[in-house]
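Input: a single structure, listed below in structure tokens.
The values are calculated or read from the model by the stated rules, or taken from the named source; none is laboratory data. Since this is a predicted model, take the numbers as computed values, not measurements. Here Cβ is always computed from backbone atoms with ideal geometry, including for glycine, and neighbour counts include all displayed protein chains.
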Amino acid sequence: MGEEDRRFHSGKVNFLRYIPTVLRSDELIDKSLKKASKIDEPYDKIFENRVRKENIDRIATAESVAAPYLQRIVKRFPTIEKLHPFYEDFIDLKFGVDNYKKALNNVNWASQMIVSLATENINALKSARKPFQMVTIRKRYYGRFCSIIEHISKDLVFLGNCRDFLRKLPEIDPMLPTYIIAGMPNVGKSSLLNTLTRNNFKTASYPFTTQSVYTGFIEEEGVRIQLIDTPGILDRPMSERNELERRSILSLKDIRGVILFLIDHSDTSGYTVEQQEALFEEITNTFHKKVVRVQTKTDISKRVEEIGISNVNKDGLEELRNFIFIHAGEMVDTGY
Ligand SMILES: Nc1nc2c(ncn2[C@@H]2O[C@H](COP(=O)(O)OP(=O)(O)OP(=O)(O)O)[C@@H](O)[C@H]2O)c(=O)[nH]1
Ligand SMILES: [Mg+2]
């Protein structure tokens, strides 16, 4: 893992990548009871003691496989309260926040039930006298153990699906000061991201759209800034989007930051300035974020905007970089 990678993974979002796999209920039952059935107590001259001990240990073993496993699921899946709204939006769109909460609650319930049931039956075993009673108690525990886990079988499948979805979400750190690079196709968004991050960025698919996002970072004197290039995401009117796409894109609202709106006056992008202005209006009105206009390709166009850059002759890039750092400081101070 390279230095940049290491830093990337120290971000707050990486936990989404380390949610454990979720067993199906039949797999969990199998795993627990298989281990329990391997328990074989050594000879004891008092037969009852041996039977008692064996049945207690079987119950304790089944419990000790299943309950911590379920607790681990509860702990490792982010609670909605802890999840940043940016990610909460996606879970809500895909699964419904209430279903997500309910599934985690049910798993938590099952794990507690398994523990208390084990305690109860182990106590019963301690006072049981006849070996056949002991076996009956243990079998009864197994029966109830299985039905508890079967009871949450839908929740386990559901959480397994959530895990697969969460792992694929773009690694955007919503806590970092962020610049979202927007603008019509071909205006030079990717070129700018390349230049600023020195070609060090990652790509991920953006949920509910057919598009990808590119994320990279720049850092100076301990200030770390996130840049996001959003080709195909902020480059056309929201009215042309379907509902899911629209809501998914709108979750960018939750990211603290500024939009850099790239505008190309060179007539080489294939879009007129009027078309670009219309998108500028739309983005300004939709996101309620600070939108900074940046003219691109100043090597082949007359400079008309306050901020202008060229990836070709490097004009204005240093100034833009400074601007980015100065305003990132403001973002941190004011929390916008
Ligand atoms: N002359 C000149 N050409 C540039 C500059 N920046 C980018 N280009 C060219 O413009 C074209 C589009 O650049 P990209 O960076 O791919 O544009 P984009 O906005 O990422 O495009 P999409 O990803 O399709 O939305 C490419 O051919 C670039 O080489 C610039 O500063 N000057
Ligand atoms: Mg691009």
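Overview of results
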| read-out | value |
| --- | --- |
| Condition check for Val258: away from ligand 1 (no atom under 16 Å from the Cβ), among the aliphatic types (A, V, I, L, M) and either at pLDDT 90 or above or part of a helix (DSSP H, G or I) (or both) | yes |
| Qualifying residue in the range 221-235 (condition: of a type in the set (Asp, Glu) and closer than 19 Å to Leu176 by Cα) | yes |
| Pair list, Cβ < 6 Å and 6+ apart or interchain, from the range 229-253 residues that are closer than 13 Å to Gln211 by Cα and modelled with pLDDT of 85 or more to residues that are within 16 Å of ligand 1 (Cβ to nearest atom) and not in a loop (DSSP other than H, G, I, E, B) | Asp229/Ile181; Asp229/Lys189; Asp229/Ser190; Asp229/Leu193; Asp229/Tyr214; Thr230/Val213 |
| In the range 197-217, residue farthest from the chain's Cα centre (by Cα) [restricted to those that are within 16 Å of ligand 1 (Cβ to nearest atom) and of a type in the set (Phe, Trp, Tyr)] | Phe201 |
| Within the range 125-155, tally of residues that are closer than 17 Å to Glu48 by Cβ and touching a residue at least 40 places away in the same chain (Cβ under 8 Å) | 10 |
| The range 207-217 - residue that is assigned to a loop (DSSP other than H, G, I, E, B) and away from ligand 2 (no atom under 13 Å from the Cβ) and, of those, farthest from Cys162 (Cα to Cα) | Thr210 |
| Hits in the range 193-211 (condition: hydroxyl-bearing (Ser, Thr, Tyr) and free of Cβ contacts under 8 Å to residues at least 24 places away in the same chain) | Thr203, Thr210 |
| Filtered residues of the range 25-48 (kept if exposed (fewer than 12 other Cβ atoms within 10 Å of the Cβ), among the charged types (D, E, K, R) and either modelled with pLDDT of 90 or more or closer than 30 Å to Pro174 by Cα (or both)) | Lys38 |
| Index of the failed condition, Ile56 passing every other in (1) of a type in the set (Val, Ile, Thr); (2) under 18 Å from Leu156 (Cβ atoms); (3) over 20 Å from the mean Cα position of the chain (by Cα) | (2) |
| Enumeration of residues in the range 288-313 that are free of Cβ contacts under 8 Å to residues at least 24 places away in the same chain and either more than 22 Å from Ile228 (Cβ to Cβ) or in a loop (DSSP other than H, G, I, E, B) (or both) | Thr298, Asp299, Arg303, Glu306, Ile307, Ser310, Val312, Asn313 |
| Among the candidates Ile218, Ile233, Ile228, residue that is aliphatic (A, V, I, L, M) and surrounded by fewer than 20 Cβ atoms within 10 Å (Cβ to Cβ) | Ile218 |
| Yes/no for Phe208 being in contact with an Asp or Glu (Cβ under 6 Å, 6 or more places away or on another chain), of a type outside the set (Val, Ile, Thr), assigned by TED's automatic domain parsing to the domain that holds Glu281 and closer than 26 Å to Ile19 by Cα | yes |
| When residues of the range 172-199 are limited to those that are surrounded by fewer than 17 Cβ atoms within 10 Å (Cβ to Cβ) and away from ligand 2 (no atom under 16 Å from the Cβ), the one modelled with the lowest pLDDT | Met175 |
| Some residue of the range 218-229 being away from ligand 1 (no atom under 12 Å from the Cβ), assigned by TED's automatic domain parsing to the domain that holds Lys314 and assigned to a helix (DSSP H, G or I) | no |
| Residue in the range 230-252 that is in contact with a strand residue (DSSP E or B) (Cβ under 8 Å, 6 or more places away or on another chain), part of a strand (DSSP E or B), of a type in the set (Asp, Glu) and within 13 Å of ligand 1 (Cβ to nearest atom) present | no |
| Matching entry among Val22, Val51 (being at pLDDT 95 or above and over 30 Å from Thr136 (Cβ atoms)) | Val22 |
